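In what follows, a structure is listed as structure tokens, so that the remarks can point back to it.
Values in this text are rule-based calculations from the coordinates and carry no lab data. What you see is a predicted model; the values in this text were computed from it and never measured. When we count neighbours, we look across all protein chains shown, and the Cβ atoms used for this are built from the backbone with ideal geometry, even at glycine.
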Ligand code: LMR
């Protein structure tokens, strides 16, 4: 039966991870996959996570199943972290999912159940798994412009022009903060005007929140999103704990649906549980339990927020350092946008052959669209990196 299968298209992020792993050069630089790194190049287990694991080991007496929607404490704590008090809890259906990817998948499946004719609009560019999952679940996808190649900021006019095609009931997928892959974020007033636009169109926002706390702060990063969901009758939110809790391999995430009223939220919740059941039954517990403990136990929470702030400040410092190194090397300020971007990524705007030359000649790995993982920048090698960039003719 399997002879009919064709090789699937490669995911460019995963393909680059494999290329990097196979490169024998010892001075290679990994700016590819979005994984936080400290100044030693390690991705540590966060301090609060270690302490929560110790406590959990002491108190946990069973590994029996929890529930189709996962750990209720986790779901409630994540709702508070992401949504705050933007909407009443009774209007929110929430489910624990395997990572943020699992949340994206479950929400798209829910859209297909509720309105299979909806078009899902996503930014060009976006995280490559967005269009892949939209297509996989059989929904129609369309792109809207997002990135201004000149300014390396948000192309608000292009975005608005493309979104003119949005029909009532369509879904517009947005990044809650720290846009992946560009690093260019929507300002509060952009969220405001988009909210008005979506309201007029009776369109539904779906917000992928994979980097809360990596931009300007836990609250600042969700200000725009919260104002949007507070003003509209419906919204979908996919939250990930991979990056801000450093729980990558534990697969911790949550899917939220803001419904127009509590009755609809209840039925939606049942549908999320049913979708979990057919896709994987119960979501994995360990990481979610840790997150629930960290968010609920004050000492763990304080420690987590402090370490998250250190990580964020390190990335902001690296942004500034790279912008300064490029200013020195290019004698211009045309790369200053790197310090205006937020989150883990910046799209530098290099042609693919320059990205390839950096890999071949200098062992510098970035995604083909010239997305760099800022956390992977070598603290003491920014000048070398800037020289390499200039040498390939940026
Ligand atoms: C990334 O964009 O590099 C991360 O979100 C990892 C992934 O799954 O692609």
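Quick rundown of the values:
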| quantity | calculated |
| --- | --- |
| Degrees, to the nearest 10: 188-201 long Cα axis against longest axis of the chain | 50 degrees |
| Cα long-axis angle, helix 286-296 against the chain (0 to 90 degrees, to the nearest 10) | 90 degrees |
| Antiparallel DSSP beta bridges within segment 65-296, percent to nearest 5 | 45 percent |
| Within a Gaussian network of the chain (alpha carbon springs, distance under 10 Å), most fluctuating of 59, 291, 252 | 59 |
| Shape metrics for segment 65-296, restricted to C-alpha atoms - Rg then Dmax, Å | 16.3, 52 |
| Crossing angle, helix 352-362 versus the chain [Cα axis fit, 0-90 degrees, rounded to tens] | 60 degrees |
| Most mobile listed residue (29, 45, 166) in the chain, GNM with C-alpha springs under 10 Å | 45 |
| Per-pair calculated FRET efficiency, R0 = 45 Å: residue 65 and residue 189 via Cβ, rounded to 0.05 | 0.45 |
| Residues in segment 277-303 reached by a label modelled at residue 249 [backbone nitrogen below 20 Å; 7 Å Cα→Cβ] | 284-291 |
| Between segment 280-327 and segment 41-73, the Cα center-to-center distance that results, in Å | 16 Å |
| Extension gain, residue 5 back to residue 39 (0.36 nm per residue minus Cα-Cα distance, nm) | 7.9 nm |
| Extended-chain gain in nm, criterion 0.36 nm per residue less alpha-carbon gap, residue 113 and residue 282 | 58.8 nm |
| Candidates 351, 22, 76, ranked by Gaussian network fluctuation over the chain, Cα under 10 Å, top entry | 22 |
| FRET E, pair residue 80, residue 331, Förster distance 45 Å, beta-carbon r, rounded to 0.05 | 0.40 |
| Antiparallel bridge percentage (DSSP; both residues within the chain; nearest 5) | 45 percent |
| Kirkwood Rh (inverse of mean 1/r, distinct Cα pairs), the chain, angstrom | 21.8 Å |
| Mean ellipticity per residue at 222 nm, deg cm²/dmol - from DSSP H runs of n ≥ 4 across the chain, formula -39500 (n - 2.57) | -14000 deg cm²/dmol |
